[in-house]
Amino acid sequence: MRKLAAAALAAAVALTTAAAWDPEEPPSSVSVKVKPGVSKGTGKLIPRAGADRLVAPLGVDPACPAKIEIGMRSDAKKAAYATMNVEIDAPLTASRSMLTSYLPPGYELGAKLLVAVPPGAKAGTYGLRLRTPAQTLQVPVEVVPLDRLDNGGNLALHRPVTASSQHTNANYPPCSVADGDRSSNGWAGGNGWNDATARAWPDTVAIALGGPKQVSRVDLYTLHTERYPASRYGVRDWDVQAQVSGQWQTVAQVRGNTAGNVRSDFAPVTADAVRIVALASNGANDYTRIIEVEVR
């Protein structure tokens, strides 16, 4: 029974991956993931979360809601259908109200949960509850104004983003280049921007900094995984520009890149926006694929 259940879960995951494939694009990551383990035989279904709290800034682009990994682990003695309910305090909304799957003993199910903060929401702490018949896991959601957000020194974090175009075959919102997630694992699922003009240059993505800020460094993360390396799918050539007194100035240039992350340092300038001007990418498709831009 365990082998049959594991085979069925593997087939479902494979089907999800195949459905996401586009011959012009690397496939997106699987949104629901299952991993095996050893059951403790308690008979309980244990809720899990990827963090002990979630910070959700006010006033960000609705296309880039706050994200947290949630899941549940079956410590039952037999395989069975398992369900976890997801509850959140209004006016916040969650992308799913439950998580359910057929789980063998010891198996754990994980998924990404998106939490949206409507424009009229007030700052404060809200409740997110993950409920199974055996246990309720409380995860506080801290809603904070953007100007009071701890950005860790990254001036671009959650700031408004505009782009020259956006590919429509999957979820490639420009705001995702400033959402704080450097990983390529969520590609085509809301984490990373892909332009809409193959082999047409330049492509631009600009981040408003919320007022004049002194900047001297920009880090760019392009699509890069073991299976989809930057040397085939990443951005190759680009200019880093800063908007100084209303005028765009080129402060750094990158040429011939094959890495997933490039740091550009330059003489400090006072700018109210930073822009990436992409000039070429690696590979035959030649799209601009940017995961994250950090400004310091």
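With a cut-off of 15 Å between beta carbons, the residues surrounding V86 carry a summed charge of +3, where Lys and Arg count +1 and Asp and Glu -1. Taking every alpha-carbon pair under 8 Å whose residues sit at least 6 apart, region 161-295 reaches a relative contact order of 33 percent. For region 161-295, the antiparallel share of DSSP beta bridges with both residues in that region comes to about 95%. With the cut-off at under 17 Å, measuring from each backbone N in region 196-222 to a point 7 Å along the Cα-to-Cβ line of L279 picks out 199-205, 220. When peptides 102-109, 59-66, 37-44 are ranked by their average number of other Cβ atoms within 10 Å per residue, the highest-first order is 102-109, 59-66, 37-44. Annotation: aspartates and glutamates with alpha-carbon distance below 12 angstrom to K213 (same-chain offsets under eight excluded): D272. Distance between the pseudo-spin-label points of R129 and T42 (7 Å out from Cα toward the beta carbon): 2.0 nm. Sorted from greatest to least, the principal axis extents spanned by the alpha carbons of region 26-148 come out as 49, 38, 20 Å.
Neighbours of L114 by Cβ distance under 10 Å: Lys/Arg scored +1, Asp/Glu scored -1, total +3. Positive contributions from Lys and Arg (+1) and negative ones from Asp and Glu (-1), summed over other residues with Cβ under 15 Å from the Cβ of A206, come out at -4. Normalised by residue number, the volume inside the convex hull of the Cα atoms of the chain is 131 Å³ per residue. Once the Cα atoms of helix 2-20 and of the chain are each reduced to a long axis, what angle between those two axes, in degrees from 0 to 90 to the nearest 10, is obtained? Relative to the chain, helix 2-20 is tipped by roughly 30 degrees.
In percent, rounded to a whole number, the relative contact order of region 26-148 is 34, using alpha-carbon pairs under 8 Å and six or more apart. Once the Cα-Cα distance is subtracted from the 0.36 nm per residue extended length, the V32 to K77 segment shows a gain of 13.9 nm. Within a straight-line Cα-Cα reach of under 25 Å, K78 can be paired with the following lysines, leaving aside sequence neighbours fewer than 8 residues apart in one chain: K3, K33, K35, K40, K44.
Spin-label model, E142/R96: points 7 Å from Cα along the beta carbon direction are separated by 2.7 nm.
Remark: relative contact order (the chain) = 16 percent; criterion is Cα-Cα distance under 8 angstrom and separation of 6 or more residues.
The numbers here are math on the coordinates, done by the rules we state, and not lab data. Treat the numbers as computed from the prediction; the structure is a model and nothing was measured. Here the Cβ is made from the backbone with ideal geometry for all residues, glycine too, and neighbour counts use every protein chain on show.
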